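Undergrad: Quick one: structure below, then a few questions.
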Amino acid sequence: MPVLFDRRKAHAESLEIKEEKMVSLGVFLLQEMTRFNEMISSMQGQLKMLDRAIKGLVVMSADLEAMYNNFLFNQVPTRWTDKGNGYPTLQPLASWIEDFFGRLDFVKSWLIDGPPKTFWLSGFFFPQGFMTAVKQSYSRKYHIAVDTLLVGCELTKVLNHEDMPHKPEDGAYIYGMYMQGARFDTGTMFMHPSLPKIIFDQMPCILLVPMLKEKFSLKGCYTCPVYKTSERRGTLSTTGHSTNFVVALGVPSEESEDHWTRAGAAMLLMLDA
């Protein structure tokens, strides 16, 4: 298991202080680091106890036995994915481990190397919080009341986030989403029906752009819901946010809203395998 995140190793821009306040994205990064540190510590403790139980040094409790059986069947232990400790997932253990360490690497890179050009939205515990931080950054920069702003989006032609040449002047580029029930064609820059035998189509990088509510428009767009997993359902948390639904983004379309609603078109942050 990796070591815990240490804010003392942060890049100057990651937790930058402006006007006696930490930048909004820095606050969000600290929140994500805290959640990951709690998860890492919990996993370390459970794995050490399981190791001791297998050796006969401590009693094999029902929880430890359930975790052991999860490992045998390539399943993610429930205690690693519950609402109080982990994040929702439908992946098998092997895929989940790769995804989990990818999230840790992304957060570590952001902390030590500074804010990236593109952000892996799928890698966050609380992606809604990231969008709020983007909105707050815009609010502070232009001295606009944050409650008068909404977050819109602009689709790009860049499929590989590493090919993004620079950071945006305002907002943030995000990646890591897949569309189910349809696809987005970077040639025409419109939604189209899915290609044969392709269930999940990779979305290009998307620019999140804060704007005033009166300038926000979804004309010529499909209001596409974004979910964390393909389960497409969740429960309301104490923050008032769904545990699965993230946000609805306007994706350019030549078809009506009803057409894609009937097709069940939606974006997912995580695949099942």
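Undergrad: Only residues in the stretch 131-154 that are more than 20 Å from Y173 (Cβ to Cβ) count as the first member; pair them with residues that are basic (K, R) and surrounded by 16 or more Cβ atoms within 10 Å (Cβ to Cβ), Cβ under 9 angstrom, at least 6 apart or cross-chain, and list the lot.
TA: Here the result reads V146/K135, each pair linking the stretch 131-154 to a residue that is basic (K, R) and surrounded by 16 or more Cβ atoms within 10 Å (Cβ to Cβ).
Residue by residue, here is whether (1) within 26 Å of R103 (Cβ to Cβ); (2) touching a His at 6+ places or on another chain (Cβ under 6 Å) holds:
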| site | (1), (2) |
| --- | --- |
| Y142 | no, no |
| L149 | no, no |
| K157 | no, no |
| P168 | yes, no |
| M179 | yes, no |
| C205 | yes, yes |
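Undergrad: Any idea which of (1) surrounded by 14 or more Cβ atoms within 10 Å (Cβ to Cβ); (2) free of Cβ contacts under 8 Å to residues at least 12 places away in the same chain; (3) over 30 Å from L208 (Cβ atoms) is the one E16 doesn't satisfy?
TA: Of (1) surrounded by 14 or more Cβ atoms within 10 Å (Cβ to Cβ); (2) free of Cβ contacts under 8 Å to residues at least 12 places away in the same chain; (3) over 30 Å from L208 (Cβ atoms), only one is false for E16: (3).
Undergrad: Aliphatic (A, V, I, L, M), assigned to a loop (DSSP other than H, G, I, E, B) and surrounded by 12 or more Cβ atoms within 10 Å (Cβ to Cβ): which single residue out of V3, V27, V76, V59 fits that description?
TA: It is V76.
Per-residue answers, yes or no, for (1) in contact with a helix residue (DSSP H, G or I) (Cβ under 6 Å, 6 or more places away or on another chain); (2) among the β-branched types (V, I, T); (3) part of a loop (DSSP other than H, G, I, E, B); (4) closer than 20 Å to E257 by Cα:
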{"site": "I174", "(1), (2), (3), (4)": "yes, yes, no, no"}
{"site": "M179", "(1), (2), (3), (4)": "no, no, no, yes"}
{"site": "F184", "(1), (2), (3), (4)": "no, no, no, yes"}
{"site": "P196", "(1), (2), (3), (4)": "no, no, yes, no"}
{"site": "D201", "(1), (2), (3), (4)": "no, no, no, yes"}
{"site": "L208", "(1), (2), (3), (4)": "yes, no, no, no"}
{"site": "M211", "(1), (2), (3), (4)": "no, no, no, no"}
{"site": "E214", "(1), (2), (3), (4)": "no, no, no, no"}
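Undergrad: Could you tell me which residue of the stretch 126-145 is nearest to Q91 (Cα to Cα), considering only residues that are among the aromatic types (F, W, Y) and surrounded by 19 or more Cβ atoms within 10 Å (Cβ to Cβ)?
TA: F130
Undergrad: For the stretch 147-164: of the residues being in contact with a strand residue (DSSP E or B) (Cβ under 9 Å, 6 or more places away or on another chain) and not in a strand (DSSP E or B), which is surrounded by the most Cβ atoms within 10 Å (Cβ to Cβ)?
TA: So the residue we want is T156.
Undergrad: If you don't mind, there's one more thing I want to ask. Report every pair of residues separated by at least 6 positions or lying on different chains whose Cβ atoms are under 6 Å apart, first residue within the stretch 161-179 and touching a residue at least 24 places away in the same chain (Cβ under 8 Å), second small (G, A, S) and buried (at least 18 other Cβ atoms within 10 Å of the Cβ).
TA: Between residues of the stretch 161-179 that are touching a residue at least 24 places away in the same chain (Cβ under 8 Å) and residues that are small (G, A, S) and buried (at least 18 other Cβ atoms within 10 Å of the Cβ), the close pairs are G176/S122.
Undergrad: Which condition number in (1) in a loop (DSSP other than H, G, I, E, B); (2) touching a helix residue (DSSP H, G or I) at 6+ places or on another chain (Cβ under 6 Å); (3) not small (G, A, S) is the one that K219 fails?
TA: Of everything listed in (1) in a loop (DSSP other than H, G, I, E, B); (2) touching a helix residue (DSSP H, G or I) at 6+ places or on another chain (Cβ under 6 Å); (3) not small (G, A, S), K219 misses just condition (2).
Undergrad: In contact with a strand residue (DSSP E or B) (Cβ under 8 Å, 6 or more places away or on another chain), loosely packed, with under 15 Cβ neighbours inside 10 Å and either part of a loop (DSSP other than H, G, I, E, B) or not small (G, A, S) (or both), is that true of K167?
TA: So K167 passes the test.
Undergrad: Filter the stretch 6-24 down to residues that are part of a loop (DSSP other than H, G, I, E, B) and among the aliphatic types (A, V, I, L, M) and give me whichever is farthest from D113 (Cα to Cα).
TA: Of everything passing the filter in the stretch 6-24, V23 is farthest from D113 (Cα to Cα).
Undergrad: Please count how many residues of the stretch 79-104 are assigned to a helix (DSSP H, G or I) and more than 25 Å from H241 (Cβ to Cβ).
TA: Matching residues across the stretch 79-104 total 6.
Undergrad: Quick one: which residue in M67, M49, M33 is aliphatic (A, V, I, L, M), surrounded by 16 or more Cβ atoms within 10 Å (Cβ to Cβ) and within 24 Å of F124 (Cβ to Cβ)?
TA: Step by step, each of M67, M49, M33 is checked, and only M33 is aliphatic (A, V, I, L, M), surrounded by 16 or more Cβ atoms within 10 Å (Cβ to Cβ) and within 24 Å of F124 (Cβ to Cβ).
Undergrad: Within the stretch 96-114, which residues are buried (at least 18 other Cβ atoms within 10 Å of the Cβ) and within 17 Å of G26 (Cβ to Cβ)?
TA: Correct list: F106, V107, W110, L111.
Undergrad: Look at V107 and say whether it is among the hydrophobic types (A, V, I, L, M, F, W, C), modelled with pLDDT of 95 or more, part of a helix (DSSP H, G or I) and closer than 11 Å to L208 by Cβ.
TA: No, not satisfied.
The values are calculated or read from the model by the stated rules, or taken from the named source; none is laboratory data. All of these numbers come straight from a predicted model, not from anything done at the bench. Cβ coordinates were reconstructed from backbone atoms using ideal geometry, including for glycine residues, and neighbour counts include every protein chain displayed.
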